[in-house]
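Enquirer: Take this structure first; my questions come after.
Here, each number is a calculation from the coordinates, and none is a lab measurement. Given the structure is predicted, the values throughout are model-derived calculations rather than measurements. Note: ideal-geometry Cβ built from the backbone for every residue, glycine included; neighbour counts use all protein chains shown.
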Amino acid sequence: MICRLLTSDEVFATAHRRWHETYDTRPSDARFSDGRTTEEVCALVDKALTAEAFAKAVGNKSWTHPSCDMCGQTPRVVVQIKHEWSDKQQDFCKACLSQALKLFSVISDADATP
Ligand SMILES: [Zn+2]
């Protein structure tokens, strides 16, 4: 198991590249659900120098912040747990991980140790 912190700085570092990989082939006059065109949003994205500015440009934090796999919230930091020999991974916010860890308080350490 590999356990580490995943931050919004790390997610934001690849946001511009991922955005352009997704939307560069989309027609520039195609509209998003809020009515703005691809060209308009891409212009704002290219000017965004912070995660907050990028999130404001696209209308959500999904491109710039980690997402908790349990609650779907997008905090600045999550714990990422990865399997060593596969691509399986899950991200957890502090609230969800804390709630899960409380379950161990009702059993002995011996019962909880492999
Ligand atoms: Zn959560």
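Enquirer: Considering (1) within 30 Å of Pro114 (Cα to Cα); (2) without any contact (Cβ under 8 Å) to a residue 60 or more places away in the chain; (3) more than 16 Å from the ligand (Cβ to nearest atom), say which one Trp63 fails and leave the rest.
Expert: (1)
Enquirer: Has the stretch 9-23 got at least one residue that is out of contact with any strand residue (DSSP E or B) (no Cβ under 6 Å at 6 or more places or on another chain), farther than 30 Å from Pro114 by Cβ and within 16 Å of the ligand (Cβ to nearest atom)?
Expert: Yes, the stretch 9-23 has at least one match.
Enquirer: Could you list all residues from the stretch 76-99 that are within 9 Å of the ligand (Cβ to nearest atom) and touching a residue at least 24 places away in the same chain (Cβ under 8 Å)? Before the answer, list the steps.
Expert: Our first condition is that a residue be within 9 Å of the ligand (Cβ to nearest atom); within the stretch 76-99, this holds for 78, 91-97, 99.
Within the stretch 76-99, Val78, Asp91, Phe92, Cys93, Ala95, Cys96 qualify.
Enquirer: So Gly72 passes all but one of these: (1) free of Cβ contacts under 8 Å to residues at least 12 places away in the same chain; (2) among the small types (Gly, Ala, Ser); (3) more than 16 Å from the ligand (Cβ to nearest atom). Which condition number does it fail?
Expert: Only one criterion is unmet by Gly72, namely (3).
Each row is one residue, and each column tells you yes or no for (1) surrounded by fewer than 12 Cβ atoms within 10 Å (Cβ to Cβ); (2) in contact with a Phe, Trp or Tyr (Cβ under 8 Å, 6 or more places away or on another chain); (3) more than 20 Å from Val11 (Cα to Cα).
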position	(1), (2), (3)
Val58	no, yes, no
Pro75	no, no, no
Lys88	yes, no, no
Cys93	no, no, no
Ile107	yes, no, yes
